[in-house]
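Undergrad: First the structure, then my questions, so here it is.
The values are calculated or read from the model by the stated rules, or taken from the named source; none is laboratory data. This one's a predicted model, so the numbers in the text were calculated from it and none came from an experiment. Heads up, the Cβs are rebuilt from the backbone with ideal geometry, glycines too, and the neighbour counts pull from every protein chain shown. When the accessible area is computed, the model is the full protein with side chains, heavy atoms only, and any ligands, DNA or RNA have been set aside. Shrake-Rupley method; radii C 1.70, N 1.55, O 1.52, S 1.80 Å.
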Amino acid sequence: MTQTTEAPAPGIGGRAGAGAVPAPRATTFAKALNAALADAMEADAAVLMFGEDVGPLGGVFRITDGLTARFGEERCFDTPLAEAGIMGMAVGMAMNGMKPVVEMQFDAFAYPAFEQVVSHVAKMPNRTKGKVRLPIVIRIPYAGGIGGVEHHCDSSEAYYAHTPGLTVLAPATVRDAYFMLREAIASPDPVVFLEPKKLYWSKEEVDLAELRRTFDDGEAPRRIGRAVVARPGTDATLISYGPSVPTALAAAAAAAEEGRSIEVIDLRSIVPFDDETVCASVRRTGRAVVVAEAPGFASVASEIVARVQERCFHSLAAPVLRVTGFDIPYPSPKLEHFYLPSVDRILDAVDDLQWEDRP
């Protein structure tokens, strides 16, 4: 999984020269993350990037490509294969004024560091009555869709979302990947930043220099805690985040061909959760399906269903349904397409929303 190293573009390798006219260009999700890291490191010398193979190699997915060459080995460096040690070191650095960004190379590789996250990263401000805050960003390439073997594909968001003291983010677009990572690094508190692996190579027309200017000038709308209507609709609402958002959008497009207008909500932020945007949509449409890759039992999807049922009960024309991964260990590459939410599974759930009762 290599990515050709490109010449630094404006917003990655330096500011555009005087008189340069910025122009949108096809930019990958991975490149937007790379630009966000570079811009944050340029803006604040306290920002550090470290993890397994993130130095000269640029990471397995090349998200840190070029950062060591540009900022030096003191600010972007490789670590031993010891996730608990990586996280423990980040805690110490953050307690002493640094702003570490750490990469857990794959989602399931992060579990050895979980004790540090739960016992110290999430609890330090409470333990010290707010005197010590930990501005740590934990980057985790996560979820499926790439045919990864065991330990290389997992949907672990519920573990982090269930841990008070953590912000948990899952962008789904190139633009959000840039802005949300910049916002996470600027946060004074710890952020678990979930990067959908299958979206690394997705592309959008964006101007990275303009994204940087917008963020640096404070013009970018806040995304932490703010969901967005990714596709408007009137008949039902699909609620999703991260890797499942493109699938939900594809299902909404297919439903339109069948005469149904489906709204899609991209949560972006799992914790904090945007009840206002989600509930406003469900109250308009009266029907909802939650779409997520993780197993359904005791999941983020379960929490969303509960919140919608509690807040929108009198607006609902049908029970809120879920389309999730199955309650099994993540399957082998040849079987993952059966496990992941699909357009057909989503449309089947939409069909089950008691349309026969519609006035």
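Undergrad: For region 205-225, does any single residue satisfy the condition of being at positive phi, surrounded by 21 or more Cβ atoms within 10 Å (Cβ to Cβ) and at pLDDT 95 or above? Talk me through it step by step, then tell me what you get.
TA: We begin by selecting, within region 205-225, every residue at positive phi; these are 218, 225.
After this cut, where a residue has to be surrounded by 21 or more Cβ atoms within 10 Å (Cβ to Cβ) as well, the list is none.
Looking for residues that are at positive phi, surrounded by 21 or more Cβ atoms within 10 Å (Cβ to Cβ) and at pLDDT 95 or above, one finds none in region 205-225, hence no.
Undergrad: Would you pick out the residues in region 163-201 that are of a type in the set (Gly, Ala, Ser) and more than 14 Å from the chain's Cα centre (by Cα)?
TA: Selection gives 165, 186, 187.
Undergrad: Can you spot a residue in region 23-45 that is at pLDDT 95 or above, more than 22 Å from residue 206 (Cα to Cα), open to solvent by 10 Å² or more (accessible area, probe 1.4 Å) and not in a helix (DSSP H, G or I)?
TA: The answer is yes, given that some residue of region 23-45 is at pLDDT 95 or above, more than 22 Å from residue 206 (Cα to Cα), open to solvent by 10 Å² or more (accessible area, probe 1.4 Å) and not in a helix (DSSP H, G or I).
Undergrad: Continuing with this model, one more query. Within region 301-328, take every residue that is under 24 Å from the mean Cα position of the chain (by Cα) and open to solvent by 70 Å² or more (accessible area, probe 1.4 Å) and give me the one that is nearest to residue 248 (Cα to Cα).
TA: Keep residues of region 301-328 that are under 24 Å from the mean Cα position of the chain (by Cα), which gives 301-308, 320-328.
Retained after the next criterion (residues that are open to solvent by 70 Å² or more (accessible area, probe 1.4 Å)): 303, 322, 326-328.
On the way: 303: 19, 322: 12, 326: 17, 327: 20, 328: 22 Å.
Of everything passing the filter in region 301-328, 322 is nearest to residue 248 (Cα to Cα).
Undergrad: Go through region 276-286 and report how many residues are open to solvent by less than 10 Å² (accessible area, probe 1.4 Å) and out of contact with any Asp or Glu (no Cβ under 6 Å at 6 or more places or on another chain).
TA: Within region 276-286, the subset open to solvent by less than 10 Å² (accessible area, probe 1.4 Å) is 278-279, 281-282, 286.
Those still in the list that are out of contact with any Asp or Glu (no Cβ under 6 Å at 6 or more places or on another chain) too: 278-279, 282, 286.
Matching residues across region 276-286 total 4.
Undergrad: Got a sec? Which of 265, 270 is assigned to a strand (DSSP E or B), in contact with a Phe, Trp or Tyr (Cβ under 8 Å, 6 or more places away or on another chain) and open to solvent by less than 40 Å² (accessible area, probe 1.4 Å)? Show your work before the answer.
TA: Values: 265 fails: in contact with a Phe, Trp or Tyr (Cβ under 8 Å, 6 or more places away or on another chain).
Every option except 270 fails the conditions.
Undergrad: Are there any pairs, at least 6 apart or on different chains, whose C-beta atoms fall under 7 Å, with the first in region 301-316 and among the β-branched types (Val, Ile, Thr) and the second open to solvent by 40 Å² or more (accessible area, probe 1.4 Å), and if so, which?
TA: If the second residue must be open to solvent by 40 Å² or more (accessible area, probe 1.4 Å), the pairs left are 305/322.
Undergrad: Also, I was wondering about something else. Would a scan of region 212-221 turn up a residue that is under 22 Å from residue 87 (Cβ atoms) and out of contact with any helix residue (DSSP H, G or I) (no Cβ under 7 Å at 6 or more places or on another chain)? Full working, then the answer.
TA: Narrowing region 212-221 to residues under 22 Å from residue 87 (Cβ atoms): none.
No.
Undergrad: Name the residue that is farthest from residue 197 (Cα to Cα), counting only residues in region 61-95 that are open to solvent by less than 30 Å² (accessible area, probe 1.4 Å), in contact with a strand residue (DSSP E or B) (Cβ under 8 Å, 6 or more places away or on another chain) and not polar (S, T, N, Q).
TA: Ranking the qualifying residues of region 61-95, first place goes to 94.
Undergrad: Do we find a residue being crowded, with 21+ Cβ neighbours inside 10 Å and over 26 Å from residue 92 (Cα atoms) anywhere in region 125-144? Let's see the steps before the verdict.
TA: Going through region 125-144, the residues crowded, with 21+ Cβ neighbours inside 10 Å turn out to be 134-144.
Still in the list and also over 26 Å from residue 92 (Cα atoms): 143-144.
There is at least one residue in region 125-144 that is crowded, with 21+ Cβ neighbours inside 10 Å and over 26 Å from residue 92 (Cα atoms).
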